[in-house]
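The values are calculated or read from the model by the stated rules, or taken from the named source; none is laboratory data. Predicted, not measured: the structure shown is a model, and the values here were computed from it. We place every Cβ from the backbone using ideal geometry, glycine too, and count neighbours over all the protein chains shown. Keep in mind that these areas ignore ligands, DNA and RNA; they rest on the heavy atoms of the full protein, side chains included. Shrake-Rupley method; radii C 1.70, N 1.55, O 1.52, S 1.80 Å.
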Amino acid sequence: MPTIDLWAVDGYISTPDGKSIYIWGFTDKAGGSAQLPGPTIIIKRQDPPARTMVTVNLTNSLPEPVSILFPGQSEVRVNGNPVQPQYQNGSLISLTNHCLPGETITYTFYAENSGTFLYESGTNPHKQVPMGLYGAIIVRPQDYMPDHTGYKTAYGTGTGTEFDREYLLVVGEIDPDLHQAVELGKPYDTRVYKPRYWTMNGRCANDTMLPDNVDHLPNQPHGAMIMLEPGEKVLIRYAGAGVENHPLHPHGNHTRLVGMDGRLLQNRTLSNTTDLSYKRFTVLTGAGQTYDQIYTWTGLGFEPVTNQIPTVIPNLRNMAIGHTGMTMWSGSPYLGVKGELPSGMVSYNEVGEYHFMLHSHAEPEITNWGAFPGGLMTMIAVYPNGTLERHHGMLPVESHGL
Amino acid sequence: MAVITKDLWAKKGIIAFPDGVEVPFWGFAAAAGGNPQLPGPVIIARVGDVIKITLRNELSDFVSLIFPGQDYIPTPVKENGVFTSYNTHASPGGVVTYTFTATRPGVFLYESGASPERQVPMGLYGAMVIYPPGVDHPSDPDYHTAYGNNTASLYDVDKVLILSEVDSGFNLAVDSGSSFNMLDFEPDYWLINGRSYPFTVLPDDVDILVSQPLGSKVNAAPGKRILIRCLNAGSQNHSFRLEGITARVVAVDSWPLAAGTGSIDATYLKNTITIASGESYDLLFISGPEGQYYLHDRDHHHLCNAGQYPGGMATRLDVMQADPVDVPVSPSQLACSVICRNGIRLNWRDRAINEEGCVVERKTGVEDFEILAFLTAPGLTEYTDRNVLPNTSYTYRVRAYNSKGFSGYSNRCSVTTHDLIAGPANLACIAVTANQIDLAWTNNAYNANGYIIERRTAETERYLVIAEVDGDMTAYSDDTVEANTRYYYRVQAYNSTESSCYSNECGVTTPAIPPGAPEHLQSVYISSDLVILKWDFNYTNKDEFIIERKSGAAEYNEIGSVDKYNFYYFDFQVAGNTIYYYRVRAYSKTGGYSGYSNEIMVNTPA
Ligand SMILES: [Cu+2]
């Protein structure tokens, strides 16, 4: 049965505009620094009738009580008893049992449903969740087998949720004034909450497009770049960890929503299965909610010989990006073709892949403190068939072993 | 088929919040001379009933009602060619009657249609619940369903939760006839059924909330089908979380998602759902094991009353074997004693087995009792009042509550605070530099093990402990202060068993210091139409950077500014083949201008 040790600790994250922001967060490494978001917990369910009991040991190294809520999980218990809200002097402090500074408590729950879930603090949540005490849980179906056709699914074989690659995007907001107040031990009035940064996997654009585990972002280990090949089924999991709602959409194609809050969008009776999945361009990623989607880029099949792009291609100067002489553009409008670039322009394009956005359509959220580009934005890179290495978009079967 | 007749009086009243704040509001009363209610009285009908609402306007604005979701055609009103109301209105002192037939089941709003941007947030809204005709007949297939047979809406317990917000400043301004710019509307209280937590978990019709009669706590036995009917009457969207519960969404805007035999079952499961302004969701689940389950806005900032957690848009499901049949037995043997460091400790005997919480009330001298605290957990037998003054007499009483109402009061207890240890006195504070404040006090204590020094930065903030010093000390230097900031201090002595009361409070403002000059100004990009400047980044004590430029022997001119979080400047106003000089300085509102950075020369290419 999976056991995860988490420590509630503090630490710092970096933003692309050069700031260092104090956070509270979780780590799964003894002596580690807070990570944003908290470590992703990936669990594979047992074959029924066995139940999948998950144990989370929380050790609190912060100066006030901390707790963890597990929305969508079954029979959440602490030290063997059902969790209950906690009061101090008759006043609510925690929505679930908490851990005092310096202590350790043990939560258990049964992972009864596949899908994407949040875990988040239930103590002084107006402060602790925005400070960073949140993370995501992925529960895999019991028949999940990544190397078997039809068994690499989000919700189980036969549920129409097969995928080739998967990406988790945990979104949140940062009001630097809250973080500074907590760092300095000053009071903070939630009425003045005003986010200036918006994060995807704890990073703001353009850091979202960097690989996982880059050296200069030690506490933000997860990138958010989505890389795929045409026709692949890509499972994109949105998790809204902030307190605001964010309208996210990829360009290129629509997504098909197959599950929300860790529940398959399908109703079954003995005789009948009703598929409730639906396509959307923009998904309003609500606070505290998750959205599992399948995305397939189909493109329009243009290629330079038999199916040319029917419009006049703009001149090269108008396709260059920025003043700084760098671009991700291939120099050609055709997938897999590298073309000529304006002189002096350096292209980081590898094999003629396309890059386009996945972002929040609330446009002020694609800035870092008002400066574009930033915030809730990443890129989707479409690689020509056969050119994208297999390891991209491969999350492990399980994160924390047995 | 029945005719449901409802008279509503639109009038002014007062609503109360748990932090003691009271604000005026406009609402609907259910009787002549009655208190207006927030939300308005719930109108309950069956499909097929004729609903006849008579609105009697005791406000000085036009008031009208609209009925979204009903088969009802409103009559928009223009006065002198200007649109004034979505529907026929009642003038001040006037009366208007609206009549329509309830054609489908569900939970619906009724709300003001005249100046709705002001009147709805002021409180002129309420809910209508329309049930299938057979809802009360055990033999009818629609018995205990929200939407009829085969609609996945069979319930044991149903509860309407009306979500909304209050901006107390808006209410005060509008009620007094002052102008209010709606762009400044910023709620500071969030409500369920007209109350903020913890008032939400008090029973219905409590004497202390005359205009907010509706509690929202749900009591149920394990294994019951609970239907939560959430209706958003506010102007914000709320992501409503059922903590520890995954519910089935059975209807949206009162359209069932399983619409009867032969239609598809489009109901789905959620633990949190974003409910847009004006929307409704019916959420069904089976109650789990005994215990407390919070139902709350997942936007945690709405779990505050005027910025203070806990509060706001939260209520609770209590799963218990048996609902209380009577109010609790009153608490007894209330005793109070001074623990100066912590205030006054109250203890009592909890004689009830069915209470959900208690209310502690306090008075000084001959004044009336005031509510001191709502204790929202059962089984409590103590409370510490941390907000007491030395040499003052306090009298306390306690009463318990449950869903049936309040118990009688306990006995009263009285206690006079005194100087347990003669505390520190004559506290004085001096700002020595912009970053140091010196404190000194008189040591009146005997046996003091030490002193606790506390600080806050504004009258409205809470004190925080910043240091502890030995008992023989009478001075302290605080070097953790910032420039141009007002600080307040207080000091308390303690020994191994008890603590003194606090010293007097002293306040002092540190002087401002000018910001440091930017350093290492350099050009990082030069072309014929753009120069990019960069300098070293340190935003302490700065509000913005000001960029100056000159060419040749001319004077420097300010060409732009960037806020303190930027360390780049893009100068697009350059010509090719020109020599420019640049320099940058910082500015802070409190400390004025810094010195200049280094000067650099840039020669743009042709
Ligand atoms: Cu877009």
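Numbers for the structure displayed
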{"read-out": "Descending Cα extents along the principal axes, region B:29-82, whole Å", "value": "39, 31, 16"}
{"read-out": "Proximal lysines relative to A:Lys127, as straight alpha-carbon distance under 19 Å, when same-chain residues fewer than 8 apart are discounted", "value": "A:Lys186, A:Lys194"}
{"read-out": "Size of charge dipole - region B:519-603 - debye, nearest 20, with Cβ of Lys, Arg +1 and Asp, Glu -1, no other charges", "value": "100 debye"}
{"read-out": "Spatial extent of region B:519-603: Rg and Dmax, with the Cα atoms as the point set, Å", "value": "12.5, 40"}
{"read-out": "Positive dipole terminus of region B:425-509, leading residue within B:Tyr494, B:Leu464, B:Thr480 (C-beta point charges)", "value": "B:Leu464"}
{"read-out": "Charge dipole (debye, nearest 20) of chain B; +1 at Cβ of Lys and Arg, -1 at Cβ of Asp and Glu", "value": "700 debye"}
{"read-out": "Amide H contacts under 5 Å for B:Leu257, placed H, 5+ residues apart", "value": "B:Ala251, B:Val252"}
{"read-out": "Rel. contact order, % - alpha carbon contacts under 8 angstrom, at least six apart, chain B", "value": "8 percent"}
{"read-out": "Candidate lysines for bridging to A:Lys152, where Cα separation is under 26 Å - those fewer than 8 sequence places away on the same chain excluded", "value": "A:Lys44, A:Lys233, A:Lys279, B:Lys270"}
{"read-out": "Selected from A:Ile236, B:Gly379, B:Ala31, residue furthest toward positive end of dipole (the protein assembly as shown; charges at beta carbon)", "value": "B:Ala31"}
{"read-out": "Whole-Hz ³J(HN,Hα) from phi, Karplus 6.51 cos²θ - 1.76 cosθ + 1.60, for region B:575-587, glycine and proline x", "value": "10, x, 6, 9, 9, 10, 10, 10, 8, 9, 9, 9, 9"}
{"read-out": "Of A:Gly301, B:Val129, A:Pro101, farthest towards positive along the dipole that unit charges on Lys, Arg, Asp, Glu beta carbons give the protein assembly as shown", "value": "B:Val129"}
{"read-out": "Cα shape, chain B, gyration tensor, a/c 1.5 rule", "value": "oblate"}
{"read-out": "Peptide ranges A:210-218, B:85-93, B:320-328, A:166-174 listed from the most packed, as the mean C-beta count within 10 angstrom indicates", "value": "A:166-174, B:85-93, B:320-328, A:210-218"}
{"read-out": "Candidate aspartates and glutamates for bridging to A:Lys29, where Cα separation is under 14 Å - those fewer than 8 sequence places away on the same chain excluded", "value": "A:Asp5, A:Asp10"}
{"read-out": "Cα radius of gyration and Dmax for region B:3-319 (Å)", "value": "19.1, 62"}
{"read-out": "Rounded to the nearest 20 debye, dipole of the protein assembly as shown from Cβ charges on Lys, Arg, Asp, Glu", "value": "1100 debye"}
{"read-out": "Extended-chain gain in nm, criterion 0.36 nm per residue less alpha-carbon gap, B:Asn495 and B:Tyr525", "value": "4.3 nm"}
{"read-out": "For chain A, built as a Gaussian network whose Cα springs stay under 10 Å, the top-fluctuating residue of A:Arg280, A:Arg237, A:Arg268", "value": "A:Arg268"}
{"read-out": "Cα-based Kirkwood hydrodynamic radius, the protein assembly as shown, one decimal, Å", "value": "32.0 Å"}
{"read-out": "Range of Cα positions in region A:33-94 per principal axis (Å), largest first", "value": "45, 30, 18"}
{"read-out": "Relative contact order for chain A, counting Cα pairs under 8 Å that sit 6 or more residues apart, in percent", "value": "17 percent"}
{"read-out": "Alpha carbon convex hull of chain A, projected area averaged over orientations, nm²", "value": "22.5 nm²"}
{"read-out": "Residues of chain B: accessible area per residue with a 1.4 Å probe, Å²", "value": "41 Å²"}
{"read-out": "Residue-wise HN-Hα coupling along region B:271-284, computed from phi with Karplus coefficients 6.51, -1.76, 1.60 (Hz; x: Gly, Pro)", "value": "9, 9, 9, 7, 10, 6, 3, x, 7, 9, 10, 9, 10, 10"}
{"read-out": "Interchain or long-range residues, amide H under 5 Å from B:Gly40's placed H", "value": "B:Phe28, B:Tyr125, B:Gly126, B:Ala127"}
{"read-out": "Under the Karplus curve 6.51 cos²θ - 1.76 cosθ + 1.60, θ = phi - 60°, whole-Hz ³J(HN,Hα) for region A:333-340, x wherever Gly or Pro sits", "value": "x, 9, 4, x, 10, 9, x, 7"}
